[in-house]
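Have a look at the structure below, then the notes.
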Amino acid sequence: MPHQTIFEKSRRGRTGANLPECDVPRVDAAETLGAGALRTSLPLPEVSELDVVRHFTGLSHRNYSIDAGFYPLGSCTMKYNPKVNEKTAAMPGFAGLHPLQPEETAQGALQLIYELQSMLAEICGMDATTLQPSAGAHGELLAMMMVKAYHAERGEAHRNIVVIPDAAHGTNPASAARCNFKVKGIPGNDSGRTDIAALEKALDGNVAAFMLTNPNTVGLFESDIRRICELVHSVGGLVYCDGANMNAMLGLTRPGDMGFDVMHFNLHKTFSTPHGGGGPGCGAVSVKKILEPYLPTPHVVKSVVGDQATYTLDANRPQSIGRIHSFYGAFLLAVRAYTYIRTLGARGIREVGENAVLNANYIRARLADHYEVAFDNQVCMHEVVLSATRQKVQSGVRAMDISKRLMDYGLHPPTNYFPLIVPEALMIEPTETESKQTLDHFIDVMIKIAEEAKDNPELLKTAPHNTVVSRLDETYAVKNLDLRYEPIFTATE
Amino acid sequence: MGYVSNTDTDRAEMFEAIGIESFDELLAPIPEELRFKGELNLPSALSEYGIVRLMHNLSSKNSPAEGTLSFLGAGSYDHFRPTVVSAIMSRGEFMTAYTPYQPELSQGMLQTIYEYQTMICALTGMDISNASMYDAATSLAEAALMATNILNRDEIVISASVHPNYREVVETYLRWTGYTLVTVEATSGATDVEALRTAVTDKTAAVLFQHPNFFGSLEEVQQLVDIAHGAGALAVAAVDPTSLGLLKPPGEYGVDIVVGEGQGLGSPMGYGGPLLGFFACGKKFLRSFPGRVVGATIDQQGRRGYTMTLRTREQDIRREKATSNICTNQALIALCATVYMAELGKTGLSTVADLCLQKSHYCLTKLTEIPGVRAAFPGARFVKEFVILLPDGKDATQVASSLHSQGILAGLPLAGYYPALGSGALLVCVTETKTREDIDSFASALAAALA
């Protein structure tokens, strides 16, 4: 049965809010603001608080989550989001702070930002960090601005090309284009990595930067990364690391040591802040010394006088690319990430990397007989990319069908059809927090589905069968656009 | 200890299944010289009790709104948050879900976003709303970039009465894409209409203004919109959603794109983030507006369901030709706003706006009874924020600092943002959370500090 909208539950005169009475002498709104400035109707729903609770609790039951089950969505690092992070982020001393209150009244917050900046720089082997970007794509955009500023200041504003592998996340070319760079794509090689010859061919004096995800979007470590960085640097370009896959490298290897100049983290992936059904995120950016002057304003800095440390918001940074957020970024996500890193410590951080890699390789090893593994079943990092080409040839079953069938078994599907260079891609990222028993269950189901694909392909092609809705018609959605609940706008007052 | 589940036995069995003897064999693709040796220089691990204690100590170094009497606004507001909002928001089913790429497993979040889009349209009077953006500042910047793309013009005009931080963000976005930003003065607390008329030309892609503006004052919105349209430019308004409980929706005075900050709709201030940028516009911009959007559709049995739609505008499909690079947005904060707006409903949001109106006017009256204190912009119309000028020779920063020692955040001194207003200008915000006694205490403390 379809779940009614909150608007359909509305009844005239009902209200949920318990608001205070006006305790001051009243002014007349129309007189004070002018009648012409006022609205005459506001078509919001009229429901009781119980209606609100039941409505949204009901909706929550129609939503899959990490708390409910395994969520092996590749490139998304759907690890357990520790509950203690929520407790610390809700502390009134953090949640109730106003961003413009005097710095001396927010020293705890500024200290936290400063220390998280430093810890992230240490983890990735860079020199400085900003927490301002609100998502990975926002971090990429910031990085492209800094690349532009860097070249402009060296009298090389003509550098207008950013080289990006064809396998990259779509945000990479979109972020470069947002900064008015021309995007030059390069293909990968037969082992699923950067094709050095293609890169060399793409590099010249007009190249501003090379953007690379490492481990790349096939889940493979770019073993030639040192050479890649040297090549880009040799023509005067900078190298950007898309850190969406940082979980694979925690404590094991550092982008800064590889030669990258700038990278973004996704705190909402690697550092366990909840993804919230599509955000909020934090795309913290770390840089080498050469890019530090260009970090956005204001930047949190520390000064020490005697044994007294003071933290301040430094807005006086003449080479900065400017401000990119209303205030200082998603501070309450910084609190969660800080809680997480301080809980784990150096050894705990390394255990994350190790178990993320182990879990992915375990899945790879056990499924290799049942599905094609992209690029010849090599050792992978934190995620493994399978291909459903065998199933497609056998019985016309596609990656999407396998994904939808997984839902019937109560599991969330992997990422489909990404990276674009792998046909019928099923990109699986188990993360370190899942146990062997959970992985075994997933693997068993995947094997069973491979059997079903042979014996009963229709079962897959019409899946899912056990979800609250079956496959949704996306073409219908575009042809019959319905982006808001229309009856409330046409109802007579 | 951390959150890893595998035991040593598990690991041994997994090694065997993979066909390795030690974990290091899995690091073979990483060249030896790049493998990190030793331990990262991080503070040592803490128990759950230890981290809670540490964080409690760290948070105690701050003076939060709770326990302080705060009259600070300027884009971050301590509106009352009904308990039901955090109760729903903290449900793991919403909080720990990913972006709803698999709609059959994400109907809860998808329907929530659909309801959010509907409510934003209801508030703003616009045809369509996206699923949310980072914050008001970046939404305004996205609106500016969208206008340049649609009209193929490379100049944006912005009023100086727009929040200074938002203006800086717009400037950053435009600067690195090669567009020009022209700022029009706001000498008497609102956009100088004649200066705007002069500044807007056939090169102008959009006119950006805020209503109520940074000073809390209403703008002559119809004139601003008409000037923009007269030059063929788009009119873009940044609005405060709470004020729309009372104020005419921007769609009714011809605005083309409406953006704003939704933090006040049920989310904590959180030292400035996460925030909620909302973005709404006319139907004619269906193919050109940025960000995700959710639409209703049907499943194989013809049942109603929801899915992300108009996806061909987005970066994962269109790559460098996408309408924006945005991917992750603020879904959970949009959920908060949706629950908040449902809880308050048709009458509640208007009541909150009216309480702000009443209390801020009472506050201005009380403050201007203090000898020498006056309204910076006499006759300005406002809903919850206004600017006062302290007596000549009094520095707002110093006075605010002395009030803070009594537990009162007096407002935002404006000298750093608008030097022309002088050192005595203070932006004061009064929401429904302030009682008459609170306001009286503020007025007495200010009077004493100035005496």
For the range A:177-185, in residue order, the Karplus 3J(HN,Hα) values (coefficients 6.51, -1.76, 1.60; θ = phi - 60°; whole Hz; Gly and Pro = x) are 5, 4, 9, 6, 8, 8, 9, 10, x
For the range B:10-19, in residue order, the Karplus 3J(HN,Hα) values (coefficients 6.51, -1.76, 1.60; θ = phi - 60°; whole Hz; Gly and Pro = x) are 3, 4, 4, 5, 5, 4, 5, 4, 6, x
Each label sits 7 Å from Cα toward the beta-carbon; between A:ALA90 and A:ASP224 the label points are separated, in nm, by 5.2 nm
Pseudo-spin-label distance B:SER44 to B:LYS203, built 7 Å along Cα→Cβ, given in nm, is 6.4 nm
Listed by chain and number, the aspartates and glutamates with an alpha carbon less than 19 angstrom from that of A:LYS392, same-chain partners under 8 positions apart left out, are A:ASP369, A:GLU372, A:ASP376, A:ASP401, A:GLU424, A:GLU451, A:GLU452, A:ASP455, A:GLU458
Total charge of the residues flanking B:ARG313 in space, meaning their Cβ is under 10 Å from its Cβ, with Lys and Arg +1 and Asp and Glu -1, is +4
Taking Cα atoms, the helix B:221-230 axis meets the longest principal axis of chain B at an angle in degrees (rounded to 10) of 70 degrees
Expressed as a whole number, the average count of other chain Cβ atoms within 10 Å around the Cβ atoms of B:24-33 is 6
Between A:LEU42 and residues 5 or more places away or on another chain, the pairs with built amide H atoms under 5 Å apart involve none
Rounded to the nearest 10, the angle in degrees between the Cα long axis of helix B:164-175 and the longest principal axis of the Cα atoms of chain B comes to 60 degrees
So, relative contact order of the range A:348-395 in percent, Cα under 8 Å, 6 or more apart, is 39 percent
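Would you mind ranking A:GLU486, A:GLU21, B:GLU115 so that the residue whose beta carbon has the fewest other beta carbons within 10 Å leads the list? Show your work: numbers first, answer last.
On the way: A:GLU486 13, A:GLU21 6, B:GLU115 27.
Going from least to most buried by this count: A:GLU21, A:GLU486, B:GLU115.
Among B:138-149, A:106-117, what's the highest-first ranking by average C-beta atoms within 10 angstrom per residue?
On the way: B:138-149: 26.2, A:106-117: 23.2.
So the order, starting with the most tightly packed, is B:138-149, A:106-117.
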Taking a straight Cα-to-Cα line shorter than 16 Å from A:LYS479, and setting aside same-chain aspartates and glutamates fewer than 8 residues away, one finds B:ASP299
For the range B:338-421, the Debye formula with one identical point scatterer on each Cα and no solvent gives log10 I(q)/I(0) at q = 0.22, 0.25, 0.27 Å⁻¹ as -1.10, -1.28, -1.38
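FRET efficiency for B:GLN406 and A:LYS289, Cβ-Cβ distance as r, R0 = 60 Å, nearest 0.05? Mind showing how you got there, number by number?
Values: r = 45 Å, r/R0 = 0.74.
Calculated transfer efficiency: 0.85.
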If R0 = 30 Å, then A:ASN480 and B:ILE317, at their Cβ-Cβ distance, give a FRET efficiency to the nearest 0.05 of 0.90
Per the rule of 0.36 nm per residue minus the C-alpha distance, extending A:LYS302 to A:ASP204 adds in nm 31.3 nm
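Beyond 58 Å, what share of the Cα-Cα pairs of the protein assembly as shown is found? Please give it as a whole percent. It would help to have the intermediate numbers written out before the result.
Details: 31844 of 445096 pairs.
The calculated P(r) of the protein assembly as shown puts 7 percent of pairs beyond 58 Å.
For peptide A:30-43, what's the mean number of Cβ atoms from other chains within 10 Å of each residue's Cβ?
Working: counts 1, 0, 7, 10, 3, 1, 4, 12, 4, 11, 3, 3, 15, 6.
Mean partner-chain Cβ count within 10 Å for A:30-43: 6.
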Taking placed amide H atoms and a strict 5 Å upper bound, the residues 5 or more places from B:SER217 or on another chain that come that close are none
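Kindly provide the helix-only [θ] at 222 nm of the protein assembly as shown, computed as the sum of -39,500 (n - 2.57) over DSSP H runs of four or more divided by all residues, to the nearest 500 deg cm²/dmol?
Numbers: 30 runs with 345 residues, N = 944.
Calculated at 222 nm, the ellipticity per residue is -11000 deg cm²/dmol.
In the P(r) worked out for the range A:173-292, what percent of Cα pairs fall beyond 24 Å?
27 percent
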Taking Cα atoms only, helix B:136-151 is inclined relative to the longest principal axis of chain B by an angle, in degrees rounded to 10, of 90 degrees
Lys pairs in chain B with Cα under 22 Å (8 or more apart in sequence, or on separate chains) total 16
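At a 10 angstrom cut-off on C-beta neighbours, averaged per residue, how do the peptides A:28-34, A:163-169 rank from highest to lowest?
Numbers: A:28-34: 14.0, A:163-169: 23.7.
Put in order of decreasing packing, that is A:163-169, A:28-34.
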Per-residue average of other protein chain Cβ atoms inside 10 Å, peptide B:354-365 -> 4
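Which loop-located GluC sites (Glu not before Pro) does the range A:331-384 contain, where loop means any DSSP state but H, G, I, E or B and the Cβ has at most 14 other Cβ atoms within 10 Å?
none
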Amide H proximity to A:GLU424 below 5 Å, modelled H, separation 5+ or other chain, gives none
Whole-percent tail of the Cα-Cα distance distribution for the range A:341-414, cut at 16 Å, equals 61 percent
Listed by chain and number, the aspartates and glutamates with an alpha carbon less than 13 angstrom from that of A:LYS148, same-chain partners under 8 positions apart left out, are A:GLU140, A:GLU156
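Using the count of nearby Cβ atoms within 10 Å as a rough guide to exposure, how do B:GLU104, B:GLU33 rank from fewest to most? Spell out each step's value before the answer.
Details: B:GLU104 25, B:GLU33 9.
Arranged by neighbour count, lowest to highest, B:GLU104, B:GLU33 become B:GLU33, B:GLU104.
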In units of 2.2 N^0.38 Å, the Cα radius of gyration of chain A is 1.10
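Can you tell me the FRET efficiency between B:ARG287 and A:THR40 if r is taken as the Cβ-Cβ distance and R0 is 25 Å, rounded to the nearest 0.05? Working shown, then result.
Values: r = 32 Å, r/R0 = 1.27.
It comes to 0.20.
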Proxy exposure order for A:LYS404, B:LYS203 (fewest C-beta within 10 Å first) is B:LYS203, A:LYS404
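For each pair in A:LYS269/A:LYS436; A:LYS201/A:LYS288; A:LYS404/A:LYS448; A:LYS79/A:LYS288; A:LYS182/A:LYS269, compute the distance between the two Cα atoms and list the pairs where it is over 19 Å. Walk me through the numbers before you get to the answer.
Working: A:LYS269/A:LYS436 21 Å; A:LYS201/A:LYS288 26 Å; A:LYS404/A:LYS448 14 Å; A:LYS79/A:LYS288 29 Å; A:LYS182/A:LYS269 29 Å.
Flagged as over cut-off: A:LYS269/A:LYS436; A:LYS201/A:LYS288; A:LYS79/A:LYS288; A:LYS182/A:LYS269.
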Each label sits 7 Å from Cα toward the beta-carbon; between B:ASP154 and A:GLN4 the label points are separated, in nm, by 5.6 nm
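Rule-based calculations on the coordinates, nothing more; no lab input. Not measured: the values here are computed from a predicted model. Here the Cβ is made from the backbone with ideal geometry for all residues, glycine too, and neighbour counts use every protein chain on show.
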